[in-house]
Amino acid sequence: MWIHVLFSLLIPLSLFALVWNQGFWTNIVSCFNIVFASAFAISYAGPLSQKLVEKWATGYYFAEFLCIWLIFILAFIILRTITSTLSKVPVRLGDKLDPFADWIGAVMVSVVMYSWVCFSLFAAPIASDGFKDMLGSGGSPSNMAANIYGKVVIEWPSQFGMGGTKITTIKYAGDRMGRANELTTKETKGWVFSEK
């Protein structure tokens, strides 16, 4: 239980501390970069992880999570480079509004990134007991953040053709959690997890 509280408080506060001095404009642009990079990562992580598993069979449970984060980081760096090149001068709102806008921007980017981290953990190789300890159950802030992020950023756009496959957040999370629960045994689906 304590890890859930720690996760729900420490991650958002750490993210806020990292971005609060970036300014409103930079944080708003970062929000868009996070959303687009995460949508790109979810869309392409599945096929890439299947290719990875063909070469690295014992990485079956870790491959998708690894691919999601590698694609996200690469896409975010590319998007950040493009947006920094296109917008070299941050937009300022005036001396009276800037302090408030900076805080609003920092809260927004913190919430978006926190929600993305929570959503990406559905694919992590963490059995449901550990996942529930970390993210809590249905009504916890971190679990709600993951589900809302999945609906808004992944599920709704997929209904209009993004990524080529229709995704539902509940099915995605349930499938990934079911796969992670297989880790509670030493040997599943022919994959042996031992040093040889």
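Structure notes:
- Of all the listed residues (S158, S120), the sole one being among the small types (G, A, S), modelled with pLDDT under 80 and crowded, with 18+ Cβ neighbours inside 10 Å is S158.
- Out of T85, T185, sole residue that is loosely packed, with under 14 Cβ neighbours inside 10 Å and either aromatic (F, W, Y) or modelled with pLDDT under 70 (or both): T185
- Close pairs from the stretch 41-62: first closer than 17 Å to M177 by Cα, partner surrounded by 13 or more Cβ atoms within 10 Å (Cβ to Cβ) and among the charged types (D, E, K, R), Cβ under 9 Å, at least 6 apart: A45/E64; G46/E64; S49/E64; Y60/R179; Y61/R179; Y61/E182
- Residue match in the stretch 124-140 (condition: of a type in the set (A, V, I, L, M, F, W, C), modelled with pLDDT of 80 or more and part of a helix (DSSP H, G or I)): no
- Only one entry in K151, K96 is modelled with pLDDT of 70 or more, in a helix (DSSP H, G or I) and either aromatic (F, W, Y) or farther than 29 Å from E54 by Cα (or both), namely K151.
- Residues in the stretch 16-41 that are modelled with pLDDT under 85 and assigned to a helix (DSSP H, G or I) were compared, and the one that is nearest to F100 (Cα to Cα) is F24.
- Any chance L79 is buried (at least 18 other Cβ atoms within 10 Å of the Cβ) and farther than 23 Å from F122 by Cα: yes
- Apart from one condition, F65 fits all of (1) at pLDDT 85 or above; (2) aromatic (F, W, Y); (3) in contact with a Phe, Trp or Tyr (Cβ under 8 Å, 6 or more places away or on another chain); the exception is (3).
- Residue pairs meeting the criteria (Cβ under 6 Å; at least 6 apart or on separate chains; first without any contact (Cβ under 8 Å) to a residue 60 or more places away in the chain and within 19 Å of G105 (Cα to Cα), in the stretch 77-93; second basic (K, R) and assigned to a loop (DSSP other than H, G, I, E, B)): none
The values are calculated or read from the model by the stated rules, or taken from the named source; none is laboratory data. None of the values given here were measured: they were computed from a predicted structure. Neighbour counts run over all protein chains shown; Cβ positions are idealised from the backbone, glycine included.
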